Amino acid sequence: MIVSADAQAIVDEIMRRLGRNVNLMDGKGVIIASGDRSRIGETHDGAVQVLRSRTPLAVTGAEARRMRGTRAGVNLPVRIGAEIVGVVGVTGEPGEVGDMAGAVALMTELMITQQAMRAEAEWRARARVQIVADLLAGRLTAAQWQQRLRLAGVRPAAPYSVFALRLGHETSPEVMGAADLLYRQLGRAAEQVLAAPDVTGTLWAVAGAPAATSLRGPLLELRRDLPGACLLNAGVATDFDALLEKVRLGRLALRRRTLPPETTLPEEEVSVLLAEVPREVGGAAVDRILGRLPGELRRTLAAYFAHDRHATEAARELNVHRNTLIYRLGRITELTGRDPRRFEDAVVLRVALYLSDLR
């Protein structure tokens, strides 16, 4: 079947290349695309004869005058596989256009096939996006999961490896097709992977056991190419129920705004736990514990905890002298009433920072 919009694009491209008028007729002999737009919708008697005989038809100017909707030219069947899906005609006396007619038919067949493949690829891409949306929302049963995978043309099998690549806020539109790029990089292993973005732009990937090793490398390459991106390895799920849980925990982990370039669910355990705290409760705790701290001191505190309370390493990250960092820790103690160098106070302050990052 030839879609009219695609048919006109094909005719326009062929005419641009060859400089000859071309008509494209459907499986009933009706003109659906033409260099002469006024002819669209007319029945082409020459095409009807081609469809009946399944052979090419050359029509001279004299013969064309005795036929309906037909002008001098050469008309050939358009075949996709063993099926004739239409007829293409090149306008002109057969002696002038006969040599190019075969090339036009071949070009038409190739372009129709290409359009069909593109349409199928787009449909499968949309199907994968919907599967991911339903998976994240918990709307799928195990049976529906398997059925949807077959429709989308992918077949990851348990145990599943789950990854999420969260793109940075400054990611340019040119790299937003991360799923397509990932499939191209995976090659044959792509059949074992479901990959599609969610509504936030995060790329989720679920791989069957054979493809899990092949998947991590391309994801890391993508992460390196995307400014501010983070790759979350959510681990392995033994079955569909475990997959739902991994995805749920992964979504909670990704609520944290400042994630490292690469992380795992165990490393984000505190974030996952605190993400389930109601926002109003968490916000009140942050205001109560950190409310008086300016941004510079909050960044100092975050660096201090990120380096396991090693002052020298935190000072190096902040590009300040160690004594400056010690002074700032003292100011934090004055403003909050909690000393980050004491374990119990450090726990409270660290939790408050996590809650602040989840707001």
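Once each part is reduced to its C-alpha centroid, what is the distance from the range 270-346 to the range 192-237 in angstrom?
32
Between T264 and residues 5 or more places away or on another chain, which pairs have amide H atoms under 5 Å apart, with H built 1.01 Å from N, and which residues are they?
Hits under the 5 Å cutoff: N233.
Have a look at A253, P278, A237 and report the one farthest towards the positive end of the charge dipole of the range 234-284, computed about the Cα centre with Cβ charges (Lys/Arg +1, Asp/Glu -1).
Going by the charge dipole, the pick is P278.
What is the local net charge at N323, summed over the other residues whose Cβ is closer than 14 Å to its Cβ (Lys, Arg +1; Asp, Glu -1)?
That sum, taken over residues with Cβ under 14 Å, equals +4.
Mind listing the phi-derived Karplus ³J(HN,Hα) values for the range 296-311, rounded to whole Hz, using 6.51, -1.76 and 1.60 with θ = phi - 60°, and x for any glycine or proline?
Each residue of the range 296-311 in turn: 4, 6, 5, 5, 4, 4, 5, 5, 4, 6, 4, 9, 6, 6, 8, 4 Hz.
Mean residue ellipticity at 222 nm from the helices of the chain, using -39,500 (n - 2.57) per DSSP H segment of n ≥ 4 over the full residue count, to the nearest 500 deg cm²/dmol?
-17000 deg cm²/dmol
Please list, in order along the range 184-192, the HN-Hα scalar couplings obtained from phi with the Karplus expression 6.51 cos²θ - 1.76 cosθ + 1.60 (θ = phi - 60°), rounded to whole Hz, x for Gly and Pro.
Using θ = phi - 60°, the values come out as 5, 5, 6, x, 5, 5, 4, 5, 9 Hz.
Please work out the Cα convex hull volume for the range 64-185 and give it in Å³ per residue.
Given the Cα convex hull of the range 64-185, per-residue volume reads 217 Å³.
In whole Å, what is the distance between the alpha-carbon centres of the range 105-138 and the range 46-87?
So the two Cα centres are separated by 32 Å.
Rounded to the nearest 10 degrees, what's the angle between the helix 322-336 long axis and the longest principal axis of the chain, both from Cα atoms, 0 to 90?
Approximately 80 degrees, to the nearest 10.
Once phi is turned into θ = phi - 60°, what whole-Hz ³J(HN,Hα) does the Karplus curve with 6.51, -1.76 and 1.60 give for every residue of the range 255-263, x standing for Gly and Pro?
After applying 6.51 cos²θ - 1.76 cosθ + 1.60, I find 6, 5, 6, 10, 9, x, x, 9, 8 Hz.
Residue separation times 0.36 nm, minus the C-alpha to C-alpha distance between A103 and V348: what's the value?
Roughly 80.6 nm would be gained on extension.
Rounded to a whole number of µm²/s, how large is the Stokes-Einstein D of the range 1-146 at 20 °C and 1.002 mPa s, given Rh as the Kirkwood radius over C-alpha pairs?
This corresponds to a translational diffusion coefficient of 129 µm²/s.
Can you send over the carbon and sulfur percentage of the accessible area for the chain, probe radius 1.4 Å, protein chains only?
It is 52 percent, rounded to a whole number.
Ratio of alpha-carbon Rg to the 2.2 N^0.38 Å globular estimate for the range 114-212, to two decimals, please.
1.05
Give me Rg over Rh for the range 240-359, both radii from the alpha carbons and Rh done the Kirkwood way, two decimal places.
Radius of gyration over Kirkwood radius for the range 240-359 works out to 1.02.
Tally Lys/Arg at +1 and Asp/Glu at -1 over every other residue whose Cβ is under 12 Å from the Cβ of L254; what's the total?
With Lys, Arg at +1 and Asp, Glu at -1, the neighbours total +3.
Can you list residues whose amide H is under 5 Å from R155's amide H, if they're 5+ apart or on another chain and H is modeled 1.01 Å from N?
Here Q192, V193 satisfy the definition.
Please find the FRET efficiency linking I40 to R118, where r is the Cβ-Cβ separation and R0 is fixed at 22 Å, and quote it to the nearest 0.05.
0.45
When the dipole is taken about the Cα centre of the chain, and only Lys, Arg (+1) and Asp, Glu (-1) are charged at their Cβ, what size is it in debye, to the nearest 20?
Here the chain has a charge dipole of around 420 debye.
Accessible area per residue, 1.4 Å probe, Å², for the chain: what's the number?
52
For the range 52-118, what are Rg and Dmax over the alpha carbons, in angstrom?
12.7, 41
Given q = 0.07, 0.14 Å⁻¹, what are the Debye log10 I(q)/I(0) values for the chain, with equal point scatterers placed on the Cα positions and solvent ignored?
These q points yield log10 I(q)/I(0) values of -0.53, -1.06.
Quick check for you: which residues of the range 253-271 have the amide N under 20 Å from the point 7 Å beyond the Cα of R299 toward its beta carbon?
Correct set: 257-261.
Quick one: angle between helix 279-290 and the longest Cα principal axis of the chain, in degrees between 0 and 90, rounded to 10, please.
Helix 279-290 sits roughly 40 degrees off the main axis of the chain.
Please give the net charge around T60, taking every other residue with its beta carbon less than 15 angstrom from that of T60, where Lys and Arg add +1 and Asp and Glu add -1.
-1
Once amide H atoms are placed 1.01 Å from N in the peptide plane, what residues at a sequence separation of 5 or more from E42, or on another chain, have their amide H within under 5 Å of its amide H?
Distant-sequence amide H within range of E42: I31.
The values are calculated or read from the model by the stated rules, or taken from the named source; none is laboratory data. Since this is a predicted model, take the numbers as computed values, not measurements. Note: ideal-geometry Cβ built from the backbone for every residue, glycine included; neighbour counts use all protein chains shown. These area figures cover heavy atoms from the full protein model, side chains too; ligands, DNA and RNA do not enter into them. Shrake-Rupley method; radii C 1.70, N 1.55, O 1.52, S 1.80 Å.
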